Structure formats: C-alpha cells, structure tokens
Amino acid sequence: MIDIKGLYKSFGQLQVLRGISLKVSDGEVVCIIGPSGSGKSTLLRSINLLERPTYGEIWIDGKLITPPDPYLHFDVIRASNTYRHMAQERQLPPDSPEDLDIVRRIKEQDLLKPREGRPYLDLMRRIEREHRVDDHYTRRRIGMVFQHFNLFPHMTVMENMVYAPMHVNKLSRQEAEQKALTLLNTVGLMDKKDVYPATLSGGQKQRVAIARALCMEPEYLLFDEPTSALDPEMVKEVLAVIKALVESGISMVLVTHEMGFAREIADRICFLDEGILVEDAPPDVFFSTPKSDRAKAFLEKVL
Ligand code: ADP
Ligand code: MG
C-alpha cells in the first residue's frame, strides 16, 4: 500500500500541494484528474522521490520513504521541551482537551531549537531507525512513465531496457536482456530492440517506456499523462497496453485527461484542484454526481 499522509509541497512562495492524504491499496488503480497546474505531476513525482515533500510523510508497504514529520507523531511533539514549557505555563492537567491545541501551535522552528534535548531527538531517531528506508527501496518498487517518454536518446531500445535492471537490481546482462525481450514482445515491439528512440513513433516510444518501467518488476506504476504528447491515432495503442497492465493486477496511479478511459479502468477517481484533494470517489459516483462545484465545473469543460 502507498500511504500519503498530509503531504505539502512548496516551491519558494508557491504552495503546490496543500495537505494531500491518499492511500493506494495493493492491486488498486487510482486515476488522478484535475486542471493543469493543480499539482498532479508534483504529487506523482513526490511518490517517486523526484520531489521532496515540504511536510508530510509517504509510506510504502509499511516503510517510511521520506523523513519523519513530527506533526504526524504527536507523541514526538509531546516529548519536546517546548511542549512541556507550554503545558506548564498553562497548568495543563494530563489528557486535557487543550493538549491538542498546544501540539498544533508548536512550530517547526521551536522543535529545531537546541533546547529540545534528548527525548524529542531520541523519538525522531527511533522512527528513522525502525521505519525509514533508503531511496533504493523506493526506486525498486515504483516505476514511472512520463508524458514525454524520457527514453535515453543515445541508447538503443534494448540498452534503455536493461540499464536500470543491471545497475539498480544487479541483474546480469543476460538475465536483463531475457526479461527485456519478453516485455518488448508483450508491447509488440520485439523487432525494435536494436533501434534508437529517435526512429520510433510517439506511440512506440511510450510502449518502450512502459516496458522499460516493467523491467524493474515494480510493485506500483505511476503514469503521468502517458498519452498527452501523442498524436490521436497513437493514443489507442498505448491505452491498450495500460489496460492489459490493469488486468494483470498491478497497482497503479494514473494521471490522465482521458476521461472515458479513467472511468473504465479506475477503482477510484481523485480530483485535485489547487493542491487539494477535493474528491476521492468510485468512477461511477464521481462522473455521475460530483459533489463539489469545482469538480462539476471541471467536468463540464472536459466532457
Ligand atoms: P499539473 O501536473 O497538475 O499540471 P504540476 O504539479 O506540474 O501541475 O505543477 C503545479 C504547479 O507547481 C505549477 O504552478 C508549476 O508551475 C509549479 N511547479 C512545478 N514544479 C516546479 C518546480 N520544480 N519549481 C517551481 N515551480 C514548480
Ligand atoms: Mg502535469
């Protein structure tokens, strides 16, 4: 399961994600839709650690892939000196309802002060030690397919396919090529194994990019508008490959503007607007009776 908790992301003054919480269960297909600039790519890129969250945590299969966020661990804040001082000042009895209020008022700057001392630091370290994993863990489990394919232009299709399995997963060339051939066959591009990406059509490039992601045997696949850069006649061939993957049961988060396709394959639709997850509902519910005005306005434009 991917478990995103209270994710915030800012670029300078610009707040792009403003408190996203979202779970993706094993085998689930979640489609993310929303207006341009709403933070869809930033959300996907955060799951893949191409962006680092400003606040919040991301857990994958019970492992913490981001640094711990003290605000999601109230026990950590309660162990801080700042908390103790504030509670004392207000003469707060244990388990008082005001307790949560204080926890929420403690600012990050307070927790970073040297006077925080051992209990706070120890708890933060304990969380790191018990749950945190390195970036390799994430890279091995999560595959990503981009709008603009992101194939390495100076490598043949086969070289593109075997690079990560050999360097990250430490497969032998022979093992990696074997796997690559099987997958190229699945996407109907065996005969292209020795050509360079520049000689392929957009649809073929994207099918190679999908096969390349699958070479790592990821548990989760992220797609960021995989058909948006394609000529209309090539959209179908790529959607067909994605649909076959859905049927294979892999967990997937797909950002798309193909509403018909999303409706057909998604277990859930997540509608993002201005960095907020406005709706999270089964496709039938979302498309027939969107709750928010923002989703209604969006659907009127795109349907
Ligand atoms: P979407 O994929 O929904 O169109 P994005 O996540 O790409 O939205 O971007 C959301 C906002 O964040 C946009 O305003 C974009 O300009 C901004 N943004 C994205 N990446 C960066 C970055 N690396 N630096 C600064 N601003 C960024
Ligand atoms: Mg985007």
With bins of 5 Å, the percent of all Cα-Cα pairs of region 1-103 per bin from 0 is 2, 11, 18, 18, 14, 12, 11, 7, 4, 1, 0
Could you give the distance between the Cα centres of region 206-245 and region 53-131, to the whole Å? 41
Result: in region 172-303 the number of Lys pairs with C-alpha under 26 Å apart, spaced 8 or more or on different chains, is 16
Note, region 277-294: 3J(HN,Hα) by Karplus (6.51, -1.76, 1.60, θ = phi - 60°), whole Hz, Gly/Pro = x, goes 7, 7, 9, 9, 8, x, x, 4, 5, 4, 6, 8, 9, x, 7, 8, 4, 5
Per 0.36 nm of contour for each residue apart, how much would the distance between Asn185 and His154 grow if the chain were fully extended, relative to their Cα-Cα spacing? 8.9 nm
Residues whose built amide H sits under 5 Å from the amide H of Ser251, excluding neighbours closer than 5 in sequence, are Gly27, Leu221
Sulfur and carbon atoms: percent of accessible area, region 98-233 [1.4 Å]: 51
How much of the DSSP beta bridge set in the chain is antiparallel, as a percent to the nearest 5? 55
Under 5 Å between amide hydrogens, which residues at least 5 positions from Val16 or on another chain qualify, with H placed 1.01 Å from N in the peptide plane? Lys9, Ser10, Phe11
Can you pull the percent of Cα pairs in region 100-247 with separation above 26 Å? 41
Per residue accessible area in Å² of the chain, where ligands, DNA and RNA are left out and the probe is 1.4 Å: 49
Assuming 0.36 nm per residue, please report the length gained on full extension of the stretch Asp26 to Lys291 beyond their Cα-Cα distance. 92.7 nm
On a full-extension model of 0.36 nm per residue, what is the gain between Asp101 and Lys236, subtracting their alpha-carbon distance, rounded to one decimal in nm? 43.3 nm
The Cα extents of the chain along the principal axes, largest first and rounded to whole Å, are 75, 50, 33
Can you tell me what percent of all Cα-Cα pairs in region 160-278 are more than 19 Å apart? 51
Considering the convex hull of the alpha carbon atoms of region 45-157, report its projected area averaged over all viewing directions, in nm², one decimal. 10.1
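The values are calculated or read from the model by the stated rules, or taken from the named source; none is laboratory data. Values in this document were obtained by computation on a predicted structure and should not be read as measured data. Just the protein is used for accessible areas: all its heavy atoms, side chains included, with ligands, DNA and RNA removed. Shrake-Rupley method; radii C 1.70, N 1.55, O 1.52, S 1.80 Å.
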